[in-house]
Amino acid sequence: MNTVKLYLRSMQMLMKSQLQYPVSFLMQTLAQLVMEGGEFMAVLLIVDRFDHLNQWTPGNLYFFFGMMSVTFYLTEIFGRGITGNFPSLVRTGQLDTLLLRPRGIVTQVLCSAVDPRRVACVAVGVAALILGSRQSAVQWTTGKALAMAEAILFGVLLILGLFLIEAIFCIHSVKSIELVNAITYGGRSACQYPVDIFPRPLRLLFTIAAPFALTLHVPSAYILGKPLYGWPAWTAFVSPAAGGVLFLMLYLLFARAMRYYRSTGS
Amino acid sequence: MPYIAVDQLSKTFTVRKKREKGRLTREKTAVHALQGVSFSVEQGELVGYIGPNGAGKSTTVKILSGILTPDGGSALVGGRVPWQNRKEHVRRIGVVFGQRSQLWWDVPVIDSFSLLKDIYRVPTEAYQKRLAELTEALDLAPFLRTPLRLLSLGQRMRAELAGSLLHSPELLFLDEPTIGLDAVSKLALRDFLKYENEKNGTTILLTTHDMEDIAALCRRVMVLGHGKKLYDGDLPELLSRYDTQRVITLRYDGGAALPPLPDGCQVSREGADYKIAYSPQALPTARLLTLLQSAGSIRELTAQPENIDHLIAAMYREMGL
């Protein structure tokens, strides 16, 4: 529990320090709102031209979009240390300072940054979820709410895990590898649509390598009452764990990579 | 058993150079940061660790604080191998990098401290006591509630130092702690280090380029160059080895010429000023002065003060650094 307390205290302190520059904070939050709002607008405009995409109605698609936005940007708010900060920690040698403290590195990296501006993006995601579930006439049950919470939780872990790949490269090469963005940001853009609209290679990529389909799409489809590939309902509660498994695997790889870390400068 | 025991420590970095035009592969060079360095330090010692840039000082500190793993040799700090079981080790040491901040930039100093308390799991009572002690000794009270970014360099350094000592480490590494500080701050910092060393028995390893720091604080000094240990022992003794020359500058009334001087004196002339370098061992200063006075009446005479930096520069030169 002490680790959780430390994380919460760090977050509180970082929020405080962000608010040291209130105008800048407000402007940037507004900018985020415009950016993510624009993205949703684009989806609205495109989807509006179709009656349906495969079996999915426009309302269904808004729901998928919302799930991805909420999950991805919650990760960016609370996991900013990993999703954004890590390369600069390595490059500037600030990682040394973390190594000098008696706590886990991933814990400390997570404690090192927060990005509250993204709350605007999460808000857009929530709006999309509400609109989507209204238009799809979702009958909410406790089970569905649970499935959704679980999907978001494991989705956050999945995205953190994918960003750890970049961190691992970073430890070895000091510079960050933009290629990894293809599955992190690329994964976000692609998987705001349900996976079954994509050709087979992409479906495999997003089911096995970066299992957005398992963590987000299966439960979303269950909530919408149109099971993905007709899978039984219980899969919606089991398959999201794939995100947790991926995170665990990459966490272990990361810990291994840290052994090869060589610091920079003096 | 000494507190720090380092034996034949070595570390090599591979540095890749930028690819040259017309070649497919990049050239790699091995940089031997440490080549078989051995030393030991007793508990409660305050040791200076000096050497030119790139000598391997920081590498040693990084290995002893568990950030880097050496390629060869062994090191024990308080019976622990630093790079194994990192968390257990760093709980008991403190490190201050003069160039790198460990506190949070935008938050008041006291908030940073209280987060460090949580990170190191310091019990509240011990924390309060230690904080009070450090606040008093380092005079932190005036800026404890000010965000770090608004502090002057001297204040920031004091805050950094306090931050690294909150968990009462048994060993403190200081990597150029007085870099960029004004005279008053430097003196205050030195006083504090002396106090911390004597009062709490904290072992201190001080890396610096400021020889005044070393002279004021350390009796024992280790000199490192090109990854090898070149000297380990008394500072005054080291200095006396290189402290062989004195320089005086003088001018006569009416521009009289210098008398003939014994061999071993180097004379140079700039306008009416004579600059004489001599060795006091061979030619006592009193005799030289008598000689000089016999040639005419001296209007001005300046003796260049002994400068520790010059001595060190001479030493580095002789050691081929």
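Just so you know, in the range B:145-169 the residues that are touching a residue at least 60 places away in the same chain (Cβ under 8 Å) and in a loop (DSSP other than H, G, I, E, B) include one that is surrounded by the fewest Cβ atoms within 10 Å (Cβ to Cβ), and it is B:Pro169.
Quick check on the range A:238-251. Is at least one of its residues among the hydroxyl-bearing types (Ser, Thr, Tyr), exposed (fewer than 14 other Cβ atoms within 10 Å of the Cβ) and in a helix (DSSP H, G or I)? The answer is no, given that none of the residues of the range A:238-251 is among the hydroxyl-bearing types (Ser, Thr, Tyr), exposed (fewer than 14 other Cβ atoms within 10 Å of the Cβ) and in a helix (DSSP H, G or I). When restricted to residues that are more than 23 Å from B:Pro169 (Cα to Cα) and either away from chain B (no Cβ under 13 Å) or aliphatic (A, V, I, L, M) (or both), the range A:92-108 contains 1.
Kindly indicate whether B:Arg100 is surrounded by fewer than 20 Cβ atoms within 10 Å (Cβ to Cβ), on the phi < 0 side of the Ramachandran plot, in contact with a helix residue (DSSP H, G or I) (Cβ under 7 Å, 6 or more places away or on another chain) and within 13 Å of another protein chain (Cβ to nearest Cβ). So B:Arg100 fits the description; yes. For the residues A:Ala257, A:Ala221, A:Ala210, the requirement of being within 14 Å of chain B (Cβ to nearest Cβ) and either over 30 Å from B:Asn53 (Cα atoms) or buried (at least 16 other Cβ atoms within 10 Å of the Cβ) (or both) singles out A:Ala257. Scanning the range B:287-321 for residues that are of a type in the set (A, V, I, L, M) and over 15 Å from B:Leu250 (Cβ atoms) returns B:Ile308, B:Leu311, B:Ile312, B:Ala313, B:Ala314, B:Met315, B:Met319, B:Leu321. Filter the range A:72-89 down to the residues that are buried (at least 24 other Cβ atoms within 10 Å of the Cβ) and more than 17 Å from A:Tyr7 (Cα to Cα) and list them by number. If the condition is that a residue be buried (at least 24 other Cβ atoms within 10 Å of the Cβ) and more than 17 Å from A:Tyr7 (Cα to Cα), then A:Phe72, A:Tyr73 are the ones that fit.
Here B:Tyr274 does not fit the description of being of a type in the set (Phe, Trp, Tyr) and under 30 Å from B:Pro177 (Cα atoms). Among residues that are over 28 Å from B:Lys199 (Cα atoms), within 11 Å of chain A (Cβ to nearest Cβ), touching a Leu at 6+ places or on another chain (Cβ under 6 Å) and not charged (D, E, K, R), B:Thr14 is not included. Screening the range A:1-55 for residues that are farther than 14 Å from A:Ile77 by Cα and aromatic (Phe, Trp, Tyr) and picking the one that is surrounded by the most Cβ atoms within 10 Å (Cβ to Cβ) gives A:Phe40. Only one of the listed residues (B:Leu230, B:Leu224, B:Leu205, B:Leu172) is outside any helix (DSSP H, G or I), at negative phi, in contact (Cβ under 8 Å) with a residue 40 or more places away in the chain and surrounded by fewer than 20 Cβ atoms within 10 Å (Cβ to Cβ). That residue is B:Leu230. Wholly within the range A:43-156, which helices (runs of 4 or more DSSP H) include no fewer than the required count, namely at least 3 residues that are over 23 Å from A:Pro227 (Cβ atoms) and touching an Asp or Glu at 6+ places or on another chain (Cβ under 7 Å)? By residue number, A:119-135.
Every read-out reported here was derived from the displayed coordinates using simple, explicitly stated rules and does not represent laboratory data. Everything numeric here is computed off the predicted structure, so don't read it as measured data. So basically every Cβ, Gly included, is an ideal-geometry build from the backbone, and we count neighbours across all protein chains shown.
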